[in-house]
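The values are calculated or read from the model by the stated rules, or taken from the named source; none is laboratory data. Only a predicted model underlies this, so the values are computations on that prediction, with no experimental measurement involved. All Cβ positions, glycine included, derive from the backbone under ideal geometry; neighbour counts span all protein chains shown. Areas reflect the complete protein model, heavy atoms only, side chains present, ligands, DNA and RNA absent. Shrake-Rupley method; radii C 1.70, N 1.55, O 1.52, S 1.80 Å.
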Amino acid sequence: MEDLITFFSFTDPNIRYVVLGAILLAASSAIVGCFTLLKKKALVGDAVAHSVLPGVCAAFLFAGDKNTVLLIVGAFITGWISLLAIDYITAKSKIKQDAAIGLVLSVFFGVGIVLLTFIQQSGNSAQSGLDNFIFGKAAALVGQDLWVFSIISIVLLVVVSVFFKELTLVAFDESYAISLGLPVRGLDVLLTTLTVLAVVTGITAVGVVLMAAMLITPGSAARYWTDNIRIMVLLAAIFGAISGIAGAYISYVAPSMPTGPWMVVVSSIIAVCSFLLAPRKGIIARWYNSRQNRFLMLEENTLKVFYHLGEEDKSFQAPRSIAVLLGKRALGKSNLYQGLKRLKIKGLLEPLAGQWQLTAKGVEKAAKVVKLHRLWELYLTNYMKIAPDHVHDDAETIEHIITPEIETELEHLLDYPKIDPHKQEIPRS
């Protein structure tokens, strides 16, 4: 508890540097990562993250010490060259983009490791700590680093804010953006530059190996919660900031634990929770909706059996035995029992002396389902020119998802028909 109070009081300057640095790095990279993710270029971040290592080493060899600005400039240059190499290989050869990314990533990272090994064996005492760029070391952030990263992060946020609409349009529909006269190539270059800057900014805290995760993971998690790009970007920034604070806190209470990798771990936990729990798109929500749709189809198919039997003997509320129901349609005995119980709970069916019969409400609901089925069959026959004996299966699927608005539109389009393609009466409801 004492550690918690000390940490979040931010009275220690080192804690302030590390927390602010981690938040800025994680949030700004998450915001840029949203657009990279939407453009389906997630692997590009990985390539850039690995390709900055030779730039860092080259800048150190040039300067002779760990000058933060020069290291960032070196990382930016090689990150940019790696993206140009990927584009060139993809455009001028038969190698696909994923293979080109893997090729460039491995070559640049290999060169970086060679240069790093050379530096470590050179005897230059200033090289101590340079290998932190591989795995990151946010705890080593000092005031000067924070100023540099703050400026870069603010630049990223301002540029994204100014070009938010254009970047969104290019990310979702590049062809439409071209038709509007937007400079798509220029916006691509801008997004590439922002991606490289975000990666370069974050490598000190997270390292080249894990930086791609901080670029893409918060955006991926946010995508599960919303379809609104503005909310997605905001959520990604919040997830990134939470990861930064949590990583810094874990590193504070357990000094042997590195901040960067823990930021990635926390970000991954948020992503996994989003994949599972997000409404509509989460795995649990989709499983629940699928289950409900399966029940809905079972209930409506059971009601249709009662209605079809009623059409045959002109008695829609006559009691029906299980054997008669199964003889009319092979629903499966266990499924039929499940459907009957659910319809009873909803007041659409009632048991009577070992048999089942529709209630008045059940007759009305059954007539509605049959009506939608036959309207859709007629629509397919009249407007899609499909033969009447080929429309049943499609109508069996669509009838369950036709909304009242579509039903009204269908009736109007078909001039309120009374007979379906099979010369059967379309119920009125």
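Things to note:
- With every protein chain in place, region 244-369: carbon and sulfur % of accessible area (1.4 Å): 62
- Were the residues from ASP87 through ILE151 laid out at 0.36 nm apart, the gain over their Cα-Cα distance would be 20.1 nm.
- Amide hydrogen proximity for GLN357: with H placed 1.01 Å from N in the peptide plane, the residues at 5 or more positions away or on another chain lying under 5 Å are ARG320, GLU350, LEU352.
- Listed peptides 190-199, 301-310, 323-332 appear in the order 190-199, 301-310, 323-332 once ranked by packing, highest mean of other Cβ atoms within 10 Å at the front.
- Taking the Cα centre of the chain as origin and assigning +1 to Lys and Arg Cβ atoms and -1 to Asp and Glu Cβ atoms, the resulting dipole is close to 820 debye.
- Kirkwood-Stokes translational diffusion coefficient of region 310-373, alpha-carbon pairs, 20 °C, 1.002 mPa s, µm²/s: 177
- Of the DSSP H helices in the chain, those whose Cα atoms cover at least 30 Å axially and whose Kyte score averages -1.0 or more: 13-38, 42-63, 68-92, 97-120, 184-206, 229-253, 283-313, 360-383
- At R0 = 51 Å, FRET efficiency that the Cβ-Cβ distance of GLU364 and VAL272 yields, to 0.05: 0.65
- Residue-averaged 222 nm ellipticity for the chain, from DSSP H runs of 4+ at -39500 (n - 2.57), nearest 500: -24500 deg cm²/dmol
- Gain in span if fully extended, LYS344 to LYS418, counting 0.36 nm per residue against the direct Cα distance: 23.6 nm
- Per DSSP, loop trypsin sites (Lys or Arg not before Pro) in region 358-429 with at most 14 further Cβ within 10 Å: LYS385, LYS418, LYS423, ARG428
- Heavy-atom accessible area per residue - the chain, 1.4 Å, Å²: 50
- For the pair SER315 and ALA99, label points projected 7 Å from Cα toward Cβ lie 7.2 nm apart.
- Region 1-117: C-alpha gyration tensor shape, a/c 1.5 cut-off, then a/b vs b/c: oblate
- MET297 paired with VAL107, simple spin-label distance in nm, labels 7 Å along Cα-to-beta-carbon: 5.0
- Here the peptides 33-46, 80-93 are ranked by packing, the mean other Cβ count within 10 Å, and the order with the highest first is 33-46, 80-93.
- Rolling a 1.4 Å probe over the protein chains gives GLU312 an accessible area of about 120 Å².
- Overall dimensions of the chain as given by Cα atoms, namely Rg and Dmax in Å: 31.2, 99
- Using only side-chain charges placed at the Cβ, +1 for Lys and Arg and -1 for Asp and Glu, the dipole size of region 237-345 relative to its Cα centre rounds to 360 debye.
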